[in-house]
Amino acid sequence: MIKFKQISKIYSSDCRALEDINLIINEKEFVSVAGRSGAGKSTLIRLLIREELPSQGQVLWHNHDISQIQDRDLPFWRRQIGMVFQDFRLLPYKTAYENIAFAMEVGARTNQDIERDVPQLLKLVNLSERADHFPDQLSGGEKQRVAIARALAHRPKILIADEPTGNLDGLHTWEIIRLLIKINELGTTVILATHDREIINGLEKRVVILEKGRVIRDEEGGRYIL
């Protein structure tokens, strides 16, 4: 369970990114965090992965305060979280297979682990036949599927997708959303940050809407209407 407890993030007297956020995300839940640009979505994510510390309050993971994690233990914590971004962030001179394998190498996984897991991950995202293709040989949707497979390389408990469809057309957008739903159904908590009303309204899952750093709505099967 993730708990944001009375969280505020204040950068200056005239820049309050988050204010008095109280939010619980349960294990294996699928939650969309929505809001216009500047609403506080990215700040919320940075607090969860501990790229930022709150000005007030606590971010708790199973009742452990994330801000108290020692620097030496941060890599372990961050391996609990898979991140997917709008701009894919693939290594251009590595194939789809190698991009996933490299993430595992950095995490000190063995060659045996890599040889076993990478094909399984490529199969999960339906890219087995594109394993030897470089990013510039892949469509936008395929690049994002590689990025998702890479994010799953350490079997994270949480997958955060930060505007993952921002660079995709409608067809590829829903390919990615269906894949995120599948990953959630396999037991991973999914947090989708987006401002796309069509996606949120089509999902009919829990939506948390931020405005000017505050939660203005939190409901199951909610619709994004401002």
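Sorted fewest first by neighbouring Cβ atoms within 10 angstrom, Met104, Met1 come out as Met1, Met104.
Placing +1 on each Lys and Arg Cβ and -1 on each Asp and Glu Cβ, with no other charges, gives the chain a dipole about its Cα centre of roughly 340 debye. Counting only lysines at least 8 places from Lys157 when in the same chain, those with an alpha carbon closer than 21 Å to its own are Lys3, Lys5, Lys28, Lys41, Lys123, Lys182, Lys205. Here, P(r) means the percent of Cα pairs in each 10 Å bin from 0 to the largest distance; for segment 67-174 it is 15, 46, 30, 8, 1.
The charge dipole of segment 110-200, taken about the Cα centre with unit charges on the Cβ atoms of Lys, Arg (+1) and Asp, Glu (-1), comes to about 300 debye, rounded to the nearest 20.
A viscosity of 0.890 mPa s and a temperature of 25 °C, combined with the Kirkwood radius over Cα pairs in Stokes-Einstein, give a translational diffusion coefficient for segment 131-226 of 170 µm²/s. The aspartates and glutamates within cross-link reach of Lys9, meaning a Cα-to-Cα straight distance under 15 Å and a gap of 8 or more places when in the same chain, are Glu19, Asp20, Glu51, Glu52, Glu211. Label-to-label distance, Arg178 versus His195, with points set 7 angstrom from Cα along the beta-carbon direction: 2.8 nm.
One decimal place: the segment Leu186-Glu115 gains 23.4 nm when fully extended, by the rule 0.36 nm per residue minus the C-alpha distance.
Of all DSSP bridge pairs formed entirely within segment 105-226, close to 50 percent run antiparallel.
Over segment 53-130, the pair-distance histogram of Cα-Cα distances with 10 Å bins from zero comes to 15, 37, 27, 18, 3 percent, rounded to whole numbers. Between amide H atoms placed 1.01 Å from N, distances below 5 Å from Glu52 occur with Leu47, all of them 5 or more places distant or on a separate chain. In a DSSP loop and with at most 15 other Cβ atoms within 10 Å, the GluC sites (Glu not before Pro) in segment 43-98 are Glu51. Taking every DSSP bridge with both residues inside the chain, close to 50 percent are antiparallel. Ordering His154, His64, His195 by the number of other Cβ atoms within 10 Å of each residue's own Cβ, fewest first, gives His64, His195, His154.
With the helix formula -39500 (n - 2.57) applied to DSSP H stretches of n ≥ 4, the chain reaches a computed 222 nm mean residue ellipticity of -9500 deg cm²/dmol. Each principal axis of the Cα cloud of the chain was evaluated for its coordinate range; sorted largest first, these ranges are 50, 41, 30 Å. Under the combined filter of DSSP loop state and at most 16 neighbouring Cβ atoms within 10 Å, segment 1-66 retains none of its chymotrypsin sites (Phe, Trp or Tyr not before Pro).
Throughout, read-outs are computed from the coordinates displayed, never taken from laboratory work. Fair warning: this is a prediction, and the values are worked out from it, not measured in the lab. Ideal geometry is used to build each Cβ from the backbone, glycine not excepted, and the neighbour counts take in all protein chains shown.
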